[in-house]
Amino acid sequence: MSATSIHRATTGIFDDRPRQHHGDDGSTTPRAGGESMSMDAPEQEDETGGKASLEGGYEPEAVESRWQDRWVDEEVYAYEGDPERDPNTTYAIDTPPPTVSGSLHMGHLYGSTLQDFAARFQRMADGEVLFPFGYDDNGIASERLTEEELDIRHQDYERREFQELCRKVCAEYEAEFTDKMQDLGTSIDWNNTYKTIEPRVQRISQLSFLDLYEKGREYRKKAPAIWCPECETAISQVETEDDERGSHFNDIAFELASDGTDRDEFIISTTRPELIPACVSVFVHPDDDENQDLVGETATIPIFGHEVPIIADERVDMEKGSGVVMCCTFGDQNDIEWYQAHDLPLRVAIDESATMTDLAGDYEGMSTEEAREAIVEDLDDEGYLRDRWEITHAVGVHERCDTPVEYRVSKQWYVEILDHKEDYLEAGQEMDWYPEKMFTRYKHWIEGLEWDWLISRQRDSGIPFPVWYCAECDHEVMAEKADLPVDPLSDKPPVDACPECGADEFEPEEDVFDTWATSSLTPLINAGWDWDEENEEFAMANPELYPFDLRPQGHDIISFWLFHTIVKCYEHTGEVPFDATLINGHVLDENREKMSKSRGNVVAPDEVLADYPVDAVRFWAASAAVGDDFPYQEKDLRAGEKLLRKLWNASKLVDTLAPAAPEKPDDLEPIDRWLLAELDDAVAELTTQFEAYEFAKARDRLRTFFWNTFCDDYLEIAKGREENPSTQYALRTAHRTFLELWAPFLPHITEEIWQAVYAGEARDADLEDASIHTREWPEPQGYDADLEAGETAIEVISALRRYKSENQLALNADLESVAVYGPIEGFEDAIQDVMHVQDLEVLAEEPEVTTEIASIDLDYSTLGPKFGSKVGDIDAGIDSGEYDLETDDDGTATALHVADEELENDLFEIERERTYSGDGEMIETESAVVILE
């Protein structure tokens, strides 16, 4: 495990603006910022002296900052690795190392919060949890950040000098990022962090390269590769994406140089005329009868004049353009396949920066876009351009910079994956997917793979390949495992002479690993994978972690991080690296549009957290099913704020109604037993939902039970029973359990209330032992009660309470006689006691209640055009009751006969009301009928 320990950062929180809290009265209070201080520092204390207390209203700005400091400083969430523990016995999360870009976006906030829900629940449920954190600070992303931050170009610096600049810029952003992540209140173990550029990780990355090389899973080859002209490096298939862009189709005439056919020319349609100087052949489908006469002939390339053969090949799309295509080195994957299959010559007209080469003649030095327009203009002038029209089509671009990719021949390192596609598919099937539908994306990605994994990059910042080449025979010389990490640019090879030819001069590999070649090793990095020199085998410092229990990530990097992690770990260990994967969706704006700077709809986390408590934001983060894209909506944040006030005020009320630790009575009264039985049911359901990562369902189930059943119903009942030992015990048991159940969602307020009420003397001791977040997750206690009867009794009590309120009666006013039809067996005394009912009768049969039509509402927008002047007669007939209503077997109206017309049921709506004609007043609830006399 990493020895790195990151304590509470002392930089500013998000930005220089004070944090605001929406108070009960709509007022706002700034949050204190600045350096973290000890718990007894006067500058840090709130009105309670820095101690947890239920006095006054809830002040999240002070409470949240205080607990964030203590959790980190007292290492409450630290994982103590134990290599003697049985393998895979710790719940371990393979957290995604975010790219160091300096900006925390809503995706970071949302994804990290989901991970924390899982970590906090599992820590309470199972005890041992590893929740690490990493920074992906090598590769193209860190280079571009450095160039933008310092306004420089990497080409203007020596490699080591630029690397040092990258390290410095990344370190500054990592410190800021750490502070921002800690301000989210996540239970990350800051003793277990890593950077993908640190020496330990470099060693693991280079070990991975050597292991795959020795297993024959890697090779170096000079071949066409996908190339980004902006980044000036080869990239892998996964780093490309299609982007719809405007272009032109150009019909260009090619003349025949040979005379084996009657025609003089043929037409080729292309969107890339700048590739014409790189044309090496023309292809026709063997089934294309119309163009079959061209096969075997020779064509002259317009403007440039060189001749190329015309060849038959089944890969030609006969439906596209004229059915005749040119092969240029290279325009697309087909060009590469033809080049290799037919052993065609190589003509390089575009260099590594998308600039035309000397092969392009007069167009040398132009960009590809400039050359495209110039060549089209010259083709037109010389009579070769026969037609030109605008189109929109998909263009392959580099996902990091949106630059259209090219294809260049160069020597690159590859991981062989195409021959193991079925193995990787089976590995994915062994995992549990949350949600299941995301496996389809993984499956489709594997099925669509066309390239082996290109892992070399022509960049300055990254992990070097541990390899040298013989200057005479190009033989590959690998570093020794014991020497890793190495940098061939500064370190000597492990041999004095080439094992192949005996030469004594070597060339260092200058390329670096693709960043995904390292970040795909995160399970092995966190488990301490290394080479055991003594036993000559790979081993893990913490085998109890592997395979990891959970891989959480966004759906947009399934083909990047998830797939490559499975590839690497499966090839190294023969195992799937994690048991389950949790795929989260994207955060959209309030109109369900993707957030983007160009649209001006980006919501910054620092702005959200300046206006709302962290716990309220966490409540919002639990509002959508895992895997679904969902909108940022402030109404959910406001709902979270209201819940915090509800929990705080309910806790204060419970504190006045019952002692903190009442004794359990010998026998609980029915209404109290019912509450705890309902609580058992809720605990069981919530546990199942947390285990299945159904956080939205768990949040909604808990909120409904806490707010409606406990606060609105039971607490009102308890107000008149505060001296009852049974009620005291039920109140405290439920309250403690609610705090534990809310803890994964609302960690700050639950810690504050727990420490104020239940921690006792332990609150001043070791927080790791006293924290609510290290307690055991609640389990059902086996309370037995008639849940239906209890629920109906609560409905009756609530209905009677409303009746008293509406009739301006005191809640303790006597009700002379109440009759109830509904299942309330066993709860009669509770109803009488709570609502002061002198005589309660349970009815065996439902009272005589009649259902009458209260009104018939017409759809005049349709009725008017259809019936015209008859509408008045229809209204009059309904008002006088002169109509007949047709209904089906279940009483649903199917037609209305009125004023000699028949109205279908889409033209009207019936409103019915139930009336009671007996003595007294009737009140109906969902499950009961109540009669008051």
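The values are calculated or read from the model by the stated rules, or taken from the named source; none is laboratory data. Keep in mind it's a predicted model, so treat the numbers as computed, not measured. Reconstructed Cβ throughout: ideal geometry from the backbone, glycine too, with neighbour counts over all protein chains shown. When the accessible area is computed, the model is the full protein with side chains, heavy atoms only, and any ligands, DNA or RNA have been set aside. Shrake-Rupley method; radii C 1.70, N 1.55, O 1.52, S 1.80 Å.
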Practice item. Return the residue satisfying two criteria in turn: it lies in region 892-927 and is touching a Lys or Arg at 6+ places or on another chain (Cβ under 9 Å) and closer than 30 Å to Val796 by Cα, and of such residues it is surrounded by the fewest Cβ atoms within 10 Å (Cβ to Cβ). Key: Glu924
Study note, to complete from the structure: Going through (1) surrounded by 15 or more Cβ atoms within 10 Å (Cβ to Cβ); (2) out of contact with any helix residue (DSSP H, G or I) (no Cβ under 8 Å at 6 or more places or on another chain); (3) in a strand (DSSP E or B) one by one, Tyr803 fails only at (3)
Point to revise | Within region 821-933, helices (runs of 4 or more DSSP H) holding 1 or more residues that are under 30 Å from Asp713 (Cα atoms) and touching a residue at least 40 places away in the same chain (Cβ under 8 Å) | key: 828-835
Check your understanding: What number of residues within region 453-476 satisfy the criterion of being among the small types (Gly, Ala, Ser) and surrounded by fewer than 19 Cβ atoms within 10 Å (Cβ to Cβ)?
Key -> 1
Point to revise | Among the residues listed as Asp151, Asp126, Asp156, the single one being modelled with pLDDT of 90 or more and open to solvent by 70 Å² or more (accessible area, probe 1.4 Å) | key: Asp151
Practice item. Just give me the residues in region 477-507 being among the small types (Gly, Ala, Ser) and either surrounded by 18 or more Cβ atoms within 10 Å (Cβ to Cβ) or assigned to a loop (DSSP other than H, G, I, E, B) (or both), in sequence order. Key: Ala479, Ser490, Ala497, Gly502, Ala503
Practice item. Go through the residues of region 482-491 one by one and say whether even a single one is in contact with a Phe, Trp or Tyr (Cβ under 6 Å, 6 or more places away or on another chain), farther than 23 Å from Asp242 by Cβ and not hydroxyl-bearing (Ser, Thr, Tyr). Key: yes
Check your understanding: Has region 515-529 got any residue that is assigned to a loop (DSSP other than H, G, I, E, B) and free of Cβ contacts under 8 Å to residues at least 12 places away in the same chain?
Key -> no
Review point. Taking region 376-393 on its own, how many of its residues are open to solvent by 100 Å² or more (accessible area, probe 1.4 Å) and part of a helix (DSSP H, G or I)?
Key: 2
Review point. Going through region 350-365 one residue at a time, which ones are surrounded by fewer than 18 Cβ atoms within 10 Å (Cβ to Cβ), over 16 Å from Arg408 (Cα atoms) and in contact with a strand residue (DSSP E or B) (Cβ under 8 Å, 6 or more places away or on another chain)?
Key: Glu364, Gly365
Revision key, fill the gap. When region 131-143 is checked residue by residue, the ones that are buried (at least 20 other Cβ atoms within 10 Å of the Cβ) and in a helix (DSSP H, G or I) are Ile140, Ser142, Glu143
Practice item. Collect the residues in region 563-594 that are under 12 Å from Ala427 (Cα atoms), of a type in the set (Gly, Ala, Ser) and in contact (Cβ under 8 Å) with a residue 12 or more places away in the chain, keeping them in residue-number order. Key: Ala580
Revision key, fill the gap. Apart from one, (1) more than 20 Å from Lys411 (Cβ to Cβ); (2) open to solvent by 50 Å² or more (accessible area, probe 1.4 Å) all hold for Leu521; the odd one out is (2)
Practice item. Kindly provide the set of residues from region 292-312 that are more than 10 Å from Val282 (Cβ to Cβ), open to solvent by less than 40 Å² (accessible area, probe 1.4 Å) and out of contact with any Asp or Glu (no Cβ under 6 Å at 6 or more places or on another chain), ordered by number. Key: Pro302, His306, Ala312
**Study point:** From the options Ala624, Ala661, residue that is hydrophobic (A, V, I, L, M, F, W, C), touching a residue at least 12 places away in the same chain (Cβ under 8 Å) and open to solvent by 60 Å² or more (accessible area, probe 1.4 Å)
**Key:** Ala661
Study note, to complete from the structure: Considering region 567-605, residues that are surrounded by fewer than 18 Cβ atoms within 10 Å (Cβ to Cβ) and of a type in the set (D, E, K, R), and then whichever is nearest to Arg441 (Cα to Cα), we arrive at Asp579
Check your understanding: Residues Asp889, Asp884: which one is surrounded by fewer than 17 Cβ atoms within 10 Å (Cβ to Cβ), more than 30 Å from Trp674 (Cβ to Cβ) and more than 53 Å from the chain's Cα centre (by Cα)?
Key -> Asp884
Practice item. Answer yes if at least one residue in region 244-253 is touching a residue at least 60 places away in the same chain (Cβ under 8 Å), under 28 Å from Gly396 (Cα atoms), part of a loop (DSSP other than H, G, I, E, B) and of a type in the set (Lys, Arg), and no otherwise. Key: no
